[in-house]
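First the structure, in the form of structure tokens, and then the observations on it.
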Amino acid sequence: MDLVELTEEIVKSLVVHSDGVSVKEFPTEEEDVILIQVMVEEEDMGRVIGREGRTANAIRTLVQASSALHDNKYVKINIDKF
């Protein structure tokens, strides 16, 4: 499973409106960095970010750990609303 699919599965399991989740990978200028943009419905932002950002940090940790096992690139995840 690649990092975008993993991120999408995690986020979809957290939100109420799973149809409103969009996860895309964008190129960066740095060679060893992957940028993943997560878009969710406005009312699902709290579920994805969590209290004091703990859920968002947990998502980043899981995806970064998966990257370390496969291609060892640094992962940046941006979470925003539609």
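Each value in this text was obtained by applying a stated rule to the coordinates, not by laboratory testing. Quick caveat, the model's predicted, so the values are computed rather than measured. Here the Cβ positions follow ideal geometry from the backbone for every residue, glycine too, while neighbour counts run over all protein chains shown.
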Positive minus negative residues near Thr55 (Lys, Arg vs Asp, Glu; Cβ under 12 Å)
+2
Roughly how compact is the chain, stated as its Cα Rg over 2.2 N^0.38 Å to two decimals?
1.04
Computed label-point distance, nm, for sites His17 and Met1 using a 7 Å Cα→Cβ extension:
2.4 nm
